[in-house]
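Engineer: I have a structure here, written as structure tokens, and I will follow up with some questions on it.
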Amino acid sequence: MILKLDNIYYKYEKNLPYILNGISYEFEKGKFYAVTGGSGSGKTTLISIIAALAKPSDGKIYYDGVDITKIDEDKYRANYVSIIFQNYNLLYNYTAIDNITTALHISGYTGDYTARADALLDEVSIPVTKRKYVVQNLSGGEQQRVAIARALAADSRVILADEPTGNLDEENKNNIINILRASLKTSCNIRPNMI
């Protein structure tokens with residue numbers, strides 16, 4: 001078990017009903033998960049809570065058996081859990097390469113940043129000619145693929161993805177799902193789960 005949700009409750013304000021109501025679940029290492037539900041059902045909220053971007057109203061989350069409130073939040077997100085945000089959350093005035101090398105730096109990567117960034121951008125099919133573009137000048141689909149490469153850069157054991165293929169065409173959707181699935185089988189650098 002890599003993640004455990006123990007009786008998670010969440011509501012936005014005291015007088016509002018719970019959007020998450022007593023969720024308990026155990027996620028195993030090396031597996032690919034999908035959380036489904038209609039719009040407004042709490043999927044993004046749950047991802048935010050698991051990533052320690054929001055605190056549950058009640059309940060606990062354990063990462064590898066440790067209550068995540070006992071782990072430094074910055075370290076938790078830099079080394080243990082990566083997030084692919086629905087709205088990308090890229091550094092929009094930075095290039096695609098810079099977005100990836102920044103993530104490598106934060107996660108403590110000790111190899112050649114540019115070579116690793118290029119390899120990750122290859123995986124998500126960002127052309128070499130566009131890697132030095134400021135990301136705000138890339139298409140929505142290209143930005144999404146840069147965000148996925150950035151999440152893979154941290155070499156986290158868990159990847160939380162909020163609609164990671166939402167703005168992609170069918171070919172790129174299949175490519176990204178295959179990349180994420182293949183990363184589960186990798187015996188070296190990247191071994192994420194997807195929730």
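The values are calculated or read from the model by the stated rules, or taken from the named source; none is laboratory data. What you are looking at is a predicted structure, and each value in this text was computed from that prediction instead of being measured. No Cβ is skipped: glycine too gets one built from the backbone with ideal geometry, and neighbour counts run over all protein chains shown.
Engineer: Restricting attention to region 134-148, which residues are among the polar types (S, T, N, Q) and either out of contact with any Gly (no Cβ under 9 Å at 6 or more places or on another chain) or over 17 Å from G166 (Cβ atoms) (or both)?
Structural biologist: Correct list: Q136, N137, S139, Q143.
Engineer: Tell me, please, whether a residue that is crowded, with 17+ Cβ neighbours inside 10 Å, within 22 Å of L180 (Cα to Cα), modelled with pLDDT of 90 or more and not hydroxyl-bearing (S, T, Y) can be found in region 84-94.
Structural biologist: Yes, because at least one residue in region 84-94 is crowded, with 17+ Cβ neighbours inside 10 Å, within 22 Å of L180 (Cα to Cα), modelled with pLDDT of 90 or more and not hydroxyl-bearing (S, T, Y).
Engineer: Only one of these is modelled with pLDDT under 90 and either outside the structural domain of V158 (by TED's automatic domain parsing) or under 24 Å from A182 (Cα atoms) (or both): K55, K31, K4, K11. Name it.
Structural biologist: K31
Engineer: Any idea which residue in region 152-180 is surrounded by the fewest Cβ atoms within 10 Å (Cβ to Cβ), counting only those that are free of Cβ contacts under 8 Å to residues at least 40 places away in the same chain and touching a helix residue (DSSP H, G or I) at 6+ places or on another chain (Cβ under 8 Å)?
Structural biologist: It comes out as D169.
Engineer: Name every residue in region 46-81 that is more than 16 Å from L3 (Cβ to Cβ), under 17 Å from the mean Cα position of the chain (by Cα) and touching a residue at least 24 places away in the same chain (Cβ under 8 Å), in order of residue number.
Structural biologist: A78
Engineer: I need the full set of residues from region 100-133 which are of a type outside the set (S, T, N, Q), in contact (Cβ under 8 Å) with a residue 40 or more places away in the chain and closer than 21 Å to P164 by Cα, in order please.
Structural biologist: Residues satisfying the conditions are I100, A103, L104, E123, V124.
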